[in-house]
Amino acid sequence: GFAWQFRVTCAPAPIAYTTIDTLSNRTVPTVRTRIYGAAATDFNNDGSVDLATVNEISADVRVFLSLDDGTGLFGDYLTPQAIGVEASPNDGGDLNNDGNADLVVSASDTDDIWILLGLGNGTFSPITPITVGQEPHGIVTIDLDGDADLDIAVACATANKLSILFNDGGGIFTAPVLVEAGINVEYGLAAGDMNRDGRIDLVVGGRNNSEIRTLFNNGDGTLTAAGPAQPSGGMTWVVTLGDLNGDGHLDATTANSFSAGGASLLNNGDGTFGAPSVQNLFGHTVSTDLGDLDGDGDLDWILACFGGKFWRVFTNNGAGVFTVHSTINAIDNPSCAIILDLDNDLDLDLALTDEIADVILLMKNTQTTGTPDPLPDAGRAITLAPNRPNPFAQTTTLSFRLEAPMLVTLRLFDARGARLLEQDLGRREAGWNNTPIEARDRLGRPLGAGVYFYELSTDSGTARGKLTIRR
């Protein structure tokens, strides 16, 4: 199986954040939950991003559904879903191919992971923990055996191994297989195509020896190291991937815990990294998050400093060189920054989790223009906006922007890359355009539930996006 990676263009914005709400994570004001992790995805299939907190002391997941009214606000959390103690790292994906968003969470004190299969309404099916190895921390969903469903990889620190679980396609997983990653105390874990071969690889961060290493996905359930372990710039707690210098290769950033800082590492193009560029902070650096905060076409960076009681925002000069932009103070102490579009205006807002105060700060980014046009990559032939609705059952509308009038062709592919549809959309005018697409192939046959990919092509360029069909 092969995967596509793509970036969605953001509208220009000044990185001027205003708090629009503070969500409490507590049932009783004096009883702590300790937000130790969080996720942002559409849990109820209404096209707006919802939030979930992963809570260390209350040992549960709490979902806040978006009001879906353009305000960026949320309702109260739904009934908590019990999980293991000391849970935090999580990843999402459709694990059973039903079109609903699922979560996987690791809980280090219980040596377990928890698989939460979404029901499409913000709640989850009954779950049973799976023991994977001592002190599980970093966790990702990834197709490791090439069968087009999502498997699970977990970094188990005390076991000093990776734990791999293979999916049967219906969200049922094999017993874990322990794999040596060649890192001392595997802790941080991220997934991305590090050598541009179409397979999603693993990048592992080591807590004790301050190391990082890429493991290539062979597509048959096995992994091959890109090279020896390399310096990561500190005691690596979290790894996040993104193209920092615009060369088409995924680079890495690390949150380096008690080394009191983070680092950025540029990919040499072969999955190995250059020397880490370290940003020194204070206290315990617990998260690293990437997003185009100013809408200039490159990835900016946020580090969370527990003990320092702040989030530090860095802007990118386009070449992967970062400069301190601002500091956002926490009410008490931060755990992570969720970078998302709260109000569907195409710029990136923030949901900042404070693990001691047990609140989520919702912060809106103020656009420099009132519309998504012009976009920051003026001169690019074609640019996509999110399709609506997504997921969908029958019809969705694709939105795209053209720099000039031109002929446009639509192609639709399944998760394995097989072409299902090719349609000439004719000549479209410059600016924003909309076109409906039905959940059918070129012969008019209904498409099953699952993830699909599309591309819109012109003589001057191609843009690609992802669709989810829910039945």
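Taken along the Cα-to-beta-carbon direction at a fixed 7 Å, the label points for residue 429 and residue 366 span 3.3 nm.
Packing around the peptides 22-35, 398-411, taken as the average count of other Cβ atoms within 10 Å per residue, puts them in this order, highest first: 398-411, 22-35.
For each of 235, 363, count neighbouring Cβ atoms within 10 Å of the residue's Cβ, then give the residues from fewest to most. Display every interim value, and only then the final one.
Details: 235 25, 363 21.
With the fewest neighbours first, 235, 363 line up as 363, 235.
Phi-derived couplings, Karplus 6.51 cos²θ - 1.76 cosθ + 1.60 at θ = phi - 60°, listed residue by residue for the range 456-466: 10, 10, 10, 5, 10, x, 9, 10, 10, x, 10 Hz, with x used for Gly and Pro.
Tell me, what is the Rg over Rh of the range 185-289, with Rh the Kirkwood radius over Cα pairs?
With Rg and the Kirkwood Rh in hand, the quotient comes to 0.96.
Put simply, when 433-440, 81-88 are sorted by average Cβ atoms within 10 angstrom per residue, most first, you get 81-88, 433-440. Of the options (1) -0.59, -0.78, -1.21; (2) -0.44, -0.71, -1.56; (3) -0.51, -0.78, -1.39, only one is log10 I(q)/I(0) by the Debye sum over Cα atoms at q = 0.08, 0.10, 0.14 Å⁻¹ as computed from these coordinates, and that is (2).
Scalar couplings 3J(HN,Hα) for the range 137-143, obtained by applying the Karplus form with A = 6.51, B = -1.76, C = 1.60 to θ = phi - 60°, are 10, x, 8, 9, 9, 6, 7 Hz; x denotes Gly and Pro.
Debye sum, Cα scatterers, the range 382-469, no solvent: what log₁₀ I/I(0) at q = 0.26 1/Å? Result of the Debye calculation: -1.43. Rounded, prolate or oblate: which fits the range 13-68, taking a ≥ b ≥ c as square roots of the Cα gyration tensor eigenvalues, rounded meaning a/c under 1.5, else prolate when a/b beats b/c? The shape class here is oblate. Taking amide H as placed 1.01 Å from N in the peptide plane, the amide H of residue 279 sits under 5 Å from that of 262, 263, 264, each at least 5 places away or on another chain. The phi-based Karplus calculation (6.51 cos²θ - 1.76 cosθ + 1.60; θ = phi - 60°) puts the 3J(HN,Hα) values of the range 266-275 at 8, 6, 6, x, 10, x, 8, 10, x, 5 Hz, whole numbers, x for Gly and Pro.
Can you tell me, using C-alpha contacts under 8 Å and at least 6 residues apart, the relative contact order of the range 382-469 as a whole percent? Intermediate results must be reported in sequence, preceding the final value.
Working: 196 pairs, mean separation 29.2, N = 88.
Relative contact order of the range 382-469: 33 percent.
Straight-line cross-link partners of residue 161 among the lysines, defined as a Cα under 24 Å from its Cα and at least 8 positions apart when in the same chain, are absent.
Coordinate-derived values only; no laboratory data. None of these values were measured; they are calculated from a predicted model. FYI the Cβ positions are ideal-geometry reconstructions off the backbone, even for glycines, and counts take in every protein chain you see.
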